[in-house]
């Protein structure tokens, strides 16, 4: 076991040295200067995803106005994978007869296509992973016209556990993610690289060094208010690790899947925007209520998420179930969220001086689309499980 551990740690040391010394990594143009926006198939369709459904979602993204609101990626999650041929090349299964043609269709809509794999031998659903075929798969994705890869830890966890120590397990994971990152860069095709590894080993500290544009900081989200709250508000303290091209990812949006109220979905969307998180819708875009569409496409909320300064917001204060979060914006503006996590309407107040804002500033209620005038603070009633989202500017 010591020999295995030493060998793995040796690989880790060489990998880290190569990452630090690599001029190519620093020079690569980023496909994620702002947090990626798009749609992913898993939350709503899971294994019931196929070529026709992906095309329909692309059509709906355009027809609904989501593309024009900033959403670009149409991402296929797990269960598209078929078998490898004698040469080791991965082929899709019968649900996806021609991914190159599918990519061409998605591109014709002014959108981008994403795909899914795992650094282990199998995906989470038990399909073919990329272990031992990283370069081959990256080249295949590039030839198909893929624009985004979600790389899900899954079956790599077995070898990590067998490694026998925390350091060796971490070394295996870093080496695996760097290997695919290097393979993607070598294709010459810009592809957003999403590390889906659930926040293990403080991924926010090293995800960018292996080529990641975003990295999951948590386990899977669910369309339930308590789970969304645990994940979203658990992001406190991670703001130093986000910047343009490198984003903390608290998982996909559940807006419109039916498990939360409108107020709860506005809390979800507001918090993700303040966190500068990727906005990947996970609902059926072809069957949205007007409320769902209005939440997903609110221009003021999207502008906060996509702010070019690329600064992640953080918690300013908490008093029991009442929390105030703030995010610095370009040009000296601020976004402020007053969150009521309790089951009753609550009176909340924030002094703008506590946010580093001096003097009266122009305040706007983002969800109400209402200018509030020049203020030095704000006091309001916030509904149960709800939010008031403000934008402050000079």
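The values are calculated or read from the model by the stated rules, or taken from the named source; none is laboratory data. Small disclaimer: the values here were computed from a predicted structure and weren't measured. Glycine gets a Cβ as well: all are built from the backbone with ideal geometry, and neighbour counts include every protein chain shown.
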One residue from 101, 125, 86, 143 being exposed (fewer than 15 other Cβ atoms within 10 Å of the Cβ), in a loop (DSSP other than H, G, I, E, B) and at pLDDT 95 or above: 86
Criterion: over 26 Å from the mean Cα position of the chain (by Cα) and surrounded by 14 or more Cβ atoms within 10 Å (Cβ to Cβ) - qualifying residue of 390, 355, 344: 355
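Residue-wise test of (1) crowded, with 24+ Cβ neighbours inside 10 Å; (2) in contact with a helix residue (DSSP H, G or I) (Cβ under 6 Å, 6 or more places away or on another chain); (3) over 26 Å from residue 312 (Cα atoms).
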position: 166; (1), (2), (3): no, no, yes
position: 175; (1), (2), (3): no, yes, yes
position: 181; (1), (2), (3): yes, yes, no
position: 190; (1), (2), (3): no, no, no
position: 194; (1), (2), (3): yes, no, no
position: 199; (1), (2), (3): no, no, no
position: 205; (1), (2), (3): no, no, no
position: 214; (1), (2), (3): yes, no, no
Pair list, Cβ under 6 Å, 6 or more apart: the stretch 84-98 residue free of Cβ contacts under 8 Å to residues at least 40 places away in the same chain, other residue surrounded by 11 or more Cβ atoms within 10 Å (Cβ to Cβ): 91/82; 92/80; 92/82; 92/99; 93/82
In the stretch 378-387, residue farthest from the chain's Cα centre (by Cα) [restricted to those that are surrounded by 15 or more Cβ atoms within 10 Å (Cβ to Cβ) and outside any loop (DSSP other than H, G, I, E, B)]: 378
Matching entry among 158, 207, 188, 212 (being assigned by TED's automatic domain parsing to the domain that holds residue 30, assigned to a helix (DSSP H, G or I) and under 24 Å from residue 74 (Cβ atoms)): 207
